[in-house]
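Engineer: Structure in structure tokens, see below.
Nothing in this text is a laboratory measurement; each read-out follows from the coordinates by a stated rule. These figures come from a predicted structure and were not determined experimentally. All Cβ positions, even for glycine, are placed from backbone atoms using ideal geometry, and neighbour counts span all protein chains on display.
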RNA sequence: CGGGGAUUGGCGCAAUUGGCUAGCGUGCAUGGUUUGGGACCAUGAGGUUGCAGGUUCGAAUCCUGUAUCCCCGACCA
């Protein structure tokens, strides 16, 4: 992509109502644009990042047997009355035709439980795991912190259905491992810890995945020995690490980037979702749900990966692999060559000063920056610099593609 | 949802004991000079000051209502 053609330009002036690092940088670099409080447009650069995050999640969900579906954004209110959740204050209510009352879904248990019920009757049909990546709507009392807490946001939600609790437990652990793999691939694995939280009525614990960062909204209590934490609810009831019993837990700031929960029979009870076991006896279905918000993850990455000059994208979710700065009218040939080698490249072909191009490259935060210029030519090649490093090096043209490829492998 | 602050060209801001044609930066357009860390000069376009009422000879400025945004708190399957 040529920067001169890219929709959405960087800005020197930061919107004064950008309240957090992620909102400020993502807005300034034209990844997102706020429409109303807590509701954002994703511009081409931002959508590329979001899509990459979603695809990593999608791949890992598929690997653990999740089947992708797409459920609607709205449901009849009746389903919410069935589960008693129609009074939740985050619900957006809509008027349909006639007397129809609709709800914009803040989560999809009320949709997926009756859906699966239409196809699953026998123990032979279980277990089954379905997920979707879709926007959720929550009328938060106070939207804040850019992508971290919106009223409309991207969410991956996986739901699993089982013959009994043992099978639910088995799958729950599989999902837990998949989540760690996802954070690892996205580039926040080292900062993301399993956090024990209250399990509600049906299980001892549920688990959150919390990414440690100074700007985080949540305070969690970290065990220095096991790399697990407990949240505020838990610390009030038991003051020790659930894994090792350590009683010296350190309070740290974090952002919740995932939550997995054993629903048990809460929703299958409400919808009377039974199956026939091998003896032909009617049994209740056990359920789990597993959430992860790609847009919130994207905001969290920026909170974690930036410096004074801008964003520093982890390699697997960067909007492009290479940011090619063309100076002295050079760069077009290299741009074409990189494209032909299937390297995703953003080519700054604008007729403006070098300083402005470098500043924009730092702000946008693509991991690899190349400079094609008279100066680099005189030194025998192309300047190669990582966004995360201060120093650059000159690479001969013939070695450039392998240099880039090896960085990304 | 409670308390506080704000709303002026696209963006960031200035201008109130009520007073002239509402300024500046940035961005945008045109021309010229520049060209490795957000260059410079010149010219130009762009505003019924969030919206609706009211007070006044006169309102960006005062009053009432309303909408939106931000902050602190509560809330956060």
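Engineer: Please figure out what share of the DSSP beta bridges in region A:320-407 is antiparallel and state it in percent, rounded to the nearest 5.
Structural biologist: DSSP beta bridges in region A:320-407 are roughly 45 percent antiparallel.
Engineer: Measure nothing but the geometry: give the 0 to 90° angle between the long axis through the Cα atoms of A:165-186 and the longest principal axis through the Cα atoms of chain A, rounded to 10°.
Structural biologist: Compared with the principal axis, the helix lies near 10 degrees.
Engineer: Okay, moving on. Between A:165, A:391, A:233, find the one with the highest GNM mean-square fluctuation for chain A; connect C-alpha pairs within less than 10 Å.
Structural biologist: It is A:391.
Engineer: Moving on to the next point. Suppose R0 equals 41 Å; then what is the FRET efficiency for residue A:406 and residue A:356 from their Cβ-Cβ distance, rounded to the nearest 0.05? Could the numbers behind the result be given before it?
Structural biologist: On the way: r = 30 Å, r/R0 = 0.74.
E(calc), rounded to 0.05, equals 0.85.
Engineer: Then there is this: On C-alpha positions alone, give me the angle between the axis of helix A:354-364 and the longest principal axis of chain A, in degrees, nearest 10.
Structural biologist: With both axes taken from Cα atoms, the answer is about 10 degrees.
Engineer: Averaging sequence separations of C-alpha pairs under 8 Å and six or more residues apart, then dividing by the length of region A:19-63, give the relative contact order as a whole percent.
Structural biologist: 24 percent.
Engineer: Between 0 and 90 degrees, rounded to the nearest ten: what's the tilt of helix A:294-304 against the longest Cα principal axis of chain A?
Structural biologist: 50 degrees
Engineer: Please figure out what share of the DSSP beta bridges in chain A is antiparallel and state it in percent, rounded to the nearest 5.
Structural biologist: 80 percent
Engineer: Rounded, prolate or oblate: which fits chain A when a ≥ b ≥ c are the square roots of the eigenvalues of the alpha-carbon gyration tensor, with rounded for a/c under 1.5 and prolate only if a/b beats b/c?
Structural biologist: Note, shape of chain A comes out prolate.
Engineer: Right, next: For A:408, A:119, A:221, which order do you get if you count the other beta carbons within 10 Å of each Cβ and list the fewest first?
Structural biologist: Starting with the residue having the fewest Cβ neighbours, the order is A:119, A:408, A:221.
Engineer: Given R₀ = 30 Å, FRET efficiency for residue A:83-residue A:169 by Cβ-Cβ distance, to 0.05?
Structural biologist: 0.80
Engineer: A further question follows. Would you mind calculating the relative contact order of region A:12-307 from Cα pairs under 8 angstrom and at least 6 residues apart, reporting the percent as a whole number?
Structural biologist: RCO, region A:12-307: 20 percent.
Engineer: Oh, and also: How high is the relative contact order of region A:140-226? Use alpha-carbon pairs under 8 Å, at least six apart in sequence, and give a whole percent.
Structural biologist: Result for region A:140-226 is 14 percent.
Engineer: Of the peptides A:73-84, A:144-155, how do they stack up when ordered by the mean number of other Cβ atoms within 10 Å, highest first?
Structural biologist: Descending packing order for the listed peptides: A:144-155, A:73-84.
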